[in-house]
Amino acid sequence: MKLENVISLGVQPIEESNIDSPHIETVILLSHLLGKDKSYVYSHPSRELSDSVVKKFSSIIKKRAQHYPLAYIIGKKEFMSLDFIVNENVIIPRPETEILVEETLKLFPLQDASQHTIVDVGTGCGNIALSLAKYNKDIYVYATDISSKAINVAFENRKRLNMENTVSFINCNLWDYFNDKKWKGRIDALVSNPPYIRSSQLSDLASELGYEPKEALDGGYDGLYFYPLLIEGGKFLLRKGGYLIMEVGYDQAEAVKNLIQSKGNFEDIVIKKDYSGIDRIVIARRE
């Protein structure tokens, strides 16, 4: 079957499943299967594909039509212009989380040439930690995750990016590894994109989210379970003037700001919006 006909074969079921950009997704899936870039697929419409390739492609298309995430099928997701390995053991990096990285980098400009130590809590595939260290050579990141399977994915990404000397991944719950007086007041920033979806809403999530690890999404009955724990971590770990930087759900910024204020020890609390104008990042400075 000709390549152009195979594309048509893939577009219809994806379109019928109400998935956006069915043609683009079909080309991405086909280029992944062929091990070629998208330009090759577009420029070789008359190439004949074997029956075995067409069969494999049909199987992939069927999976995608069931809303199995595209990133899991191709095994990667772009974040901060870097490709990260992803699978069902980690949540898929979102564009809005790039705001957290960008705002953190603004707080530590390259010009100051100082060494900075950051703790990333709940690192998943390591996208936040590795992006921070990639774009600021003076940043060293300790990144934690309770899931050993997630940490294994993060290790793979660190190796691919050749960043073994700038990021450490630690399998522990939240910031437990640092719960020792030798770490008290030693950290320049604590960053986190914690689970923040209300438990009662998990069953109502978009079908693609149903394939992602629920423990990385479930933020408790009100979605705020992890924020007091992160604030306590910030109080203990951060140096004077250090920053607590957290991603929040679309309607949680004020509630998280109030939690920080109620705990004391922080000042200059600001809320940053994402690309859609939604309050997404809360930043506070340690007194």
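Say whether the condition of being aromatic (Phe, Trp, Tyr) and within 22 Å of residue 280 (Cβ to Cβ) is met by at least one residue in region 137-154.
Of region 137-154, the ones aromatic (Phe, Trp, Tyr) are 140, 142.
Applying the additional criterion that residues be within 22 Å of residue 280 (Cβ to Cβ) yields none.
No, there is no match, as no residue in region 137-154 is aromatic (Phe, Trp, Tyr) and within 22 Å of residue 280 (Cβ to Cβ).
When region 206-230 is examined, which residues are found to be in contact (Cβ under 8 Å) with a residue 40 or more places away in the chain and either surrounded by 16 or more Cβ atoms within 10 Å (Cβ to Cβ) or of a type outside the set (Gly, Ala, Ser) (or both)?
208, 211, 212, 213, 215, 216, 217, 226, 229, 230
So which residues in region 92-132 are among the aliphatic types (A, V, I, L, M), touching a helix residue (DSSP H, G or I) at 6+ places or on another chain (Cβ under 9 Å) and within 25 Å of residue 179 (Cβ to Cβ)? Even if it seems obvious, please write down each step before you answer.
Of all residues in region 92-132, those among the aliphatic types (A, V, I, L, M) come to 92, 99-101, 105, 107, 110, 113, 118-119, 121, 128-130, 132.
If we keep only those that are touching a helix residue (DSSP H, G or I) at 6+ places or on another chain (Cβ under 9 Å) as well, we get 92, 100-101, 105, 110, 118-119, 121, 128-130, 132.
100, 118, 119, 121, 128, 129, 130, 132 - these are the residues of region 92-132 that are among the aliphatic types (A, V, I, L, M), touching a helix residue (DSSP H, G or I) at 6+ places or on another chain (Cβ under 9 Å) and within 25 Å of residue 179 (Cβ to Cβ).
Hey, can you tell me all the residues within region 217-252 that are more than 20 Å from residue 104 (Cβ to Cβ), outside any strand (DSSP E or B) and under 22 Å from the mean Cα position of the chain (by Cα)?
Result: 217, 219, 220, 222, 223, 224, 225, 228, 250, 251.
Go through region 1-112 and tell me which helices (runs of 4 or more DSSP H), entirely inside it, have 2 or more residues that are in contact (Cβ under 8 Å) with a residue 12 or more places away in the chain and of a type in the set (S, T, N, Q).
Working: elements: 3-16, 22-34, 38-43, 51-65, 70-74, 97-107.
Answer list for region 1-112: 97-107.
Out of 200, 276, which single residue is surrounded by fewer than 17 Cβ atoms within 10 Å (Cβ to Cβ), in contact (Cβ under 8 Å) with a residue 24 or more places away in the chain and either hydroxyl-bearing (Ser, Thr, Tyr) or assigned to a loop (DSSP other than H, G, I, E, B) (or both)?
Details: 200 fails: in contact (Cβ under 8 Å) with a residue 24 or more places away in the chain.
Testing whether each residue is surrounded by fewer than 17 Cβ atoms within 10 Å (Cβ to Cβ), in contact (Cβ under 8 Å) with a residue 24 or more places away in the chain and either hydroxyl-bearing (Ser, Thr, Tyr) or assigned to a loop (DSSP other than H, G, I, E, B) (or both) leaves just 276.
Could you go through region 156-177 and let me know if any residue there is surrounded by 21 or more Cβ atoms within 10 Å (Cβ to Cβ), in contact with a Lys or Arg (Cβ under 9 Å, 6 or more places away or on another chain), in the same structural domain as residue 103 (by TED's automatic domain parsing) and outside any loop (DSSP other than H, G, I, E, B).
yes
State all residues of region 174-185 that are of a type outside the set (Phe, Trp, Tyr) and under 13 Å from residue 142 (Cα atoms); if no residue qualifies, say none. Spell out how you get there, then give the answer.
Within region 174-185, the first condition is being of a type outside the set (Phe, Trp, Tyr), and the residues that meet it are 174, 176, 179-182, 184-185.
174, 176, listed by residue number.
Checking the condition of a type in the set (Lys, Arg), modelled with pLDDT of 95 or more, touching a strand residue (DSSP E or B) at 6+ places or on another chain (Cβ under 6 Å) and farther than 14 Å from residue 96 by Cα, which residue from 235, 257, 272 passes? Outline the logic, then answer.
Values: 235 fails: touching a strand residue (DSSP E or B) at 6+ places or on another chain (Cβ under 6 Å); 272 fails: farther than 14 Å from residue 96 by Cα.
The match here is 257.
The values are calculated or read from the model by the stated rules, or taken from the named source; none is laboratory data. Given the structure is predicted, the values throughout are model-derived calculations rather than measurements. Using ideal geometry, Cβ is built from the backbone for each residue, glycine included, and neighbour counts are taken over all protein chains shown.
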